[in-house]
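S.K.: Sharing a structure here in structure tokens format.
Readers should treat all values here as calculations from the given coordinates under stated rules, not as data from a laboratory. Treat the numbers as computed from the prediction; the structure is a model and nothing was measured. Ideal geometry is used to build each Cβ from the backbone, glycine not excepted, and the neighbour counts take in all protein chains shown.
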Amino acid sequence: MKMSTYINFGGNCAEAFKFYEQHLGGKINMTMLWSQMPGPDAAKYTPPGFADKVLHISMQLGGQLLLGADTPNHQPMRSAYITLNVDSNEDAESIYKTLSEGGEIYMAMNETFFAHRFAQFSDRFGTKWMLIHSKPMGPA
């Protein structure tokens, strides 16, 4: 079994995924626009103004799949975070600076009892992130 994350956007999915590809080292595998939906009734199912928006996008990121789409009546993520586990404080600081710019900080980058660096924030696209450079923890 594999688990993937699927993020919905309100019209800026392609921009967000290009940003993640550029700044997180991901690789976009495929993009399909609403106007490219196969089948004779595709136009009937395409929301007004969505023909040039993303119906489905797939990105390889950190050994996992990140998937997304532009959807009508988009609701921002509320209680789920994409969590990035990094190997150094430098990586944590760099990614935090890049992703949090123009977003909203919920917990600023800091050291905690469980992490050398930890932060919670949303990026400028509304995606919520947790960023952690973990400390070794003892037995449970």
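S.K.: To the nearest 20 Debye, how big is the dipole of the chain about its Cα centre, given +1 on the beta carbon of each Lys and Arg and -1 on that of each Asp and Glu?
M.R.: Using Cβ point charges on Lys, Arg, Asp and Glu, the chain gives about 320 debye.
S.K.: List the lysines whose alpha-carbon lies under 19 Å from that of residue 2, not counting same-chain residues fewer than 8 positions away?
M.R.: 27
S.K.: Under 11 Å from the Cβ of residue 128, count the other residues' Cβ atoms, weight Lys and Arg +1, Asp and Glu -1, and hand me the total.
M.R.: Numbers: positive: 78; negative: 104, 123.
Combined, the nearby Lys, Arg, Asp and Glu give -1.
S.K.: Separate question: Does the range 29-78 come out rounded, prolate or oblate, given a ≥ b ≥ c as the square roots of the eigenvalues of its C-alpha gyration tensor, rounded meaning a/c under 1.5 and, failing that, prolate meaning a/b above b/c?
M.R.: It comes out oblate by the Cα gyration axes.
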